[in-house]
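In what follows, a structure is listed as structure tokens, so that the remarks can point back to it.
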Amino acid sequence: MSSEDTGARDPAFAVERGERRGSIVLVVLVAAALIAAAIGFVLLGRSRAEPYILVLLAVLGMVGAFALFAAAAGLVRLAGPASDNSLARRVVDGGFDGIVVTDPGGRVLYANATYLALVDAADEHDVRPIERVFIGDPDVSEAIYRLLKAAREGRRLQEEVRVPGLRGAQARWLRLRVRPLGASGRDARSTTWTVADVTRERERQENLFQELQYAVDYLDHAPAGFFSVDQGGNVIYLNATLAEWLGHDLAEVGSGGLKLSDIVSGHGAALILSFAGAPGAVKTDTFDLDLKMRGGKTLPVRLNHKVAFAADGSPGASRTLVLNRGQESGADPQRTAEVRFMRFFHNTPMAIATVDKAGRIGRTNALFARLFAAGFRAESGAKDSRSILAFVAERDRAAFEQAIARAARGEGDVAPVDAQLAGAGERFARFYVATVNEHERDLEAAIVYALDTTEQRALQNQVNQAQKMDSVGQLAGGIAHDFNNVLSAIMMATDFLLNAHKPTDPSFQDIMQIKQNTNRAASLVRQLLAFSRRQTLRPEVLDLGESLSDLTMLLRRLIGEKVALDLVHGRDLWPVKADVSQFEQVIVNLAVNARDAMVDGGRLTVRTANITAAEGVRLANKGMPAADYVLIEVSDTGLGIAPEIIDKIFEPFFSTKEVGKGTGLGLSTVYGIVKQTGGFIYVNSEPGRGSNFRIFLPRHDPGVAEAAAPAAVLGPSIAGIERAQSAQTSPPAPAPASADHTGEGTILLVEDEEGLRGLNARGLMSRGYTVLEAGNGVEALEVLEAHDGTVDLVVSDVVMPEMDGPTLLKELRQRWPGIRIIFVSGYAEDAFEKNLPEGRQFAFLAKPFTLKQLVGAIKETMAGGAA
């Protein structure tokens, strides 16, 4: 039954059971009776009327008491001005929706005429509650149950149900609503039901849905492709025709599973997404691009791309028509040539754009849109209103503008312009500008070709930095070698002076001061050699967790109480092969730098972890090949490193500390040791938030046989020194017997510096050795031939004129295979060992050295150390 039909029922049929109405006539009659009684009592006189007055008062009292009890029990209600609002009642009685009010027991308290018509009630005595009207209908019973549950719980609920028509009529759709009658008291326990006939509304919805289904079906199977993409590049609609062309599943569309870059080949997606327009505008453009099929093939198409822009200039979802140009190729040679040209234009590895005399962009290829995508999105105006000059940093803009102006005047051979691009980060490009035909210059004055040179510049900077570091390293290594010779002579002469003077001698302290400063200079030279990677390393298999644990006490003393130290060890660390003393030097140098950067205190964290080859690839550290590494990460919460100097921190003698508070060799030493060990070091820092140094040491394979290391005099590790320093606080132990620094035998001393050779010879002779001297390898062979090779040991420098040390070793092995030899040098052992034939064993002593160290090396070698 329609909503208009329900109005035909007379509103008089509306029923409200339990209603009580007042009467003004009754009130007037009661008042008149009381007045008449009063008059009669006056006429009778006081004495005669007194019994009657008492009777009347007793009757009135009983009526009043009864009325109070009746009101308390709810049998009598006092009518107020809101209890019978005739206007509201007429509105409800004549409403288009059926309304029925029930009490908690389901009894109908009120029902309007529309409800009577909807449930086909004959009169007010035939009114039934909702659940009884639709009882027995299985399609409606579940909805009724949910509504009844909501009514009991005092909630609002709405359901739409389909019910059979009245008296054989068509089925109807009813919207049923339920809510409490009031907020409190009896009203809160009563329920208001609303019933509305929504059949026509549902019919309109179904018709609209059917028409939409037809439209979608027509669009899906149209002879042209169609898709829609949002500003984030997500394909939100793809018709069946285009999906069939590309081999995609329609289920992927709209669920975030398909991107524009998945269906557009090359850089075409960037070109489409760079489409921009004025706020509130609707723009349409045409693109000739290649779409990407699922199997990897391409499909040439023409896109008619339409986008509406919001009031803030942001693009809405596109409406893009796709025409298959692959079906046209071959039929028309001109279209075939056009498709070929557009493929070349958009797939060329060079960004191309046309500009007018003011630099405003006309047409672009796909790569140009990708290269300058950030600039395109930043502009809210139309594309042809944007200037290409805005994409170039201000410092290079004038040169680029001049190049465009020259091309606009028709000049040829315009020099390319290298410019930094505007925006965040450092990006660079090289622009080539070419002129166009004269009659076309009003619209398009020049063609601009752009190449992204960011990676090329970064690579060039890395090469320059590496060459610079190598050059500085070579210089530092050469200086260190020469200084070692000088320091060796000073140290030897100092030993002579100390042997000749007693501790009570006034000059003894001056000589000790010379020796201490010489040792300090030797330490600086060792740091230079570490940076130049020419120091001698004694690698051994290390467990970094144990090595760091040994350093804990030293690190805590170095960084002080203001800085908290955290050691975070990775589980099951792989072994590495490194010089333990040099590794400890690396950690100490980094810890000291971190301490100096945390003036007010902070936290120093040393963390270790295994890095697999796959994880190394994801880290994308420049210059580090894919392999297994052990990571040592040293982080602090200090001042950080300024971006403008972070590339210089590994250079020798570069320091940000005050004069006299640093040598500038701490980080350069770290860099050299890590590189010589075969590892890599990287730094990340943010001013005000601290620095992070990451060291990657290659994993050691225990299966590889360890080569026997040649004998040498080794110094103690830093952890060993720390233990020795700690032992000094313990009670003194009995002094061991003095080592024997005397000996006998014939020593051939080969050294090109005469002064140093003389001092060394003098020192050895003072210890009981017979010393023969030679200035180079040729003289050494002559001396040996003169003595028929009857020398016990050869002590030779490495770098000498005419014949160097390695060449001398080869000659000695050929003529006197059993002779023993010690090489002494300011360079690292590795610097010349690689030039020797495999298996040529020798001992090595690094300059500078004391007489005691020289004698110790000789005694150890003569006892059978190296032959």
Original post:
Amide H to amide H, which residues 5 or more places from residue 772 or on other chains are under 5 Å from it, using H placed in the peptide plane?
Top reply: 747, 748, 749
**OP:** Taking H placed 1.01 Å from N in the peptide plane, check which residues at least 5 places from residue 229 or on another chain put their amide H under 5 Å from its amide H.
**Re:** 236, 318
Original post:
Extent of the range 97-154 along each principal axis, from alpha carbon coordinates, in Å, largest to smallest?
Top reply: 28, 24, 20
Original post:
Of the cross-linked pairs 515/847; 577/675; 515/648, which ones have a Cα-Cα span greater than 24 Å in the structure shown?
Top reply: 515/648
**OP:** Could you pull out every residue, at least 5 positions away or on a different chain, whose amide H is within less than 5 Å of the one on residue 638? Hs are placed 1.01 Å off N in the peptide plane, and Pro or chain starts have none.
**Re:** 690, 691
**OP:** If a/c stays under 1.5 just call it rounded; otherwise compare a/b with b/c (prolate if a/b is bigger, oblate if not). Do that for the range 115-266, with a ≥ b ≥ c from the square roots of the Cα gyration tensor eigenvalues.
**Re:** prolate
Subject >> Exposure ranking of 804, 550 by accessible area [1.4 Å probe, largest first] >> reply: 550, 804
Original post:
Using the heavy atoms of the protein chains alone and a 1.4 angstrom probe, what is the accessible area of the range 386-435 per residue in square angstrom?
Top reply: 50
Original post:
When the solvent-accessible surface of protein heavy atoms is calculated with a 1.4 angstrom probe, in what order do 816, 193 fall, highest first?
Top reply: 816, 193
Subject >> Residue order for 267, 700 - accessible surface, 1.4 angstrom probe, largest first >> reply: 267, 700
Subject >> Accessible carbon and sulfur surface of the range 209-281 relative to its total accessible area, %, 1.4 Å >> reply: 57
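The values are calculated or read from the model by the stated rules, or taken from the named source; none is laboratory data. In this text, all values refer to a predicted model and were calculated from it rather than measured experimentally. Surface accessibility is based on the protein's heavy atoms, side chains included, excluding ligands, DNA and RNA. Shrake-Rupley method; radii C 1.70, N 1.55, O 1.52, S 1.80 Å.
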